[in-house]
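Rule-based calculations on the coordinates, nothing more; no lab input. Values in this document were obtained by computation on a predicted structure and should not be read as measured data. So basically every Cβ, Gly included, is an ideal-geometry build from the backbone, and we count neighbours across all protein chains shown.
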Amino acid sequence: MRIYSLAEARAALPSIVPVLERIRLASHGLRQLQGVVARASTKTAGNGHLPHDQISDDDHHEALTQELSSAMAELNAFEVELKDVDRGLIDFYHERDGEIVYLCYMLGEVDITAWHTLDSGFAGRQPL
């Protein structure tokens, strides 16, 4: 577990934000594709072969899965916790007044401006 200072967490954001965006896009794409694949799988021919568009969807699914896996590995290297994929919500471990807490960041925010205890979650965010 890496303990970040506020300055270190802020310095890491320019590298982390594009990774969070990739995770969000790949995850969203996979959710959309799930519905398409489910509908297409009911269209198998009587001979058990998948229609051509199903094979294309399978290739797209594989590409999105690989992108998500790659981006998650990149994010894990930063030793931050991903709390919400859709919001791009992450927490950095941080020491505040002798206690380990989280510095909290969400995609779209300009900077890290909040923290919360390990058990209070997003609802317990406090300004820095």
His60, His28 arranged by Cβ crowding within 10 Å, fewest neighbours leading
His28, His60
How do Tyr93, Tyr4, Tyr105 line up, fewest other C-beta atoms within 10 Å first?
Tyr93, Tyr4, Tyr105
Estimated FRET transfer efficiency (Arg31, Ser70; beta-carbon r; R0 22 Å; 0.05):
0.75
With DSSP loop assignment and no more than 14 other C-beta atoms within 10 Å, the trypsin sites (Lys or Arg not before Pro) in the range 1-33 are Arg2
Residues Leu30, Leu128 arranged by fewest to most Cβ contacts within 10 Å
Leu128, Leu30
Modelling each spin label as a point 7 Å along the Cα-to-Cβ direction, I'd like the Glu95/Glu79 distance in nm, to one decimal.
1.2 nm
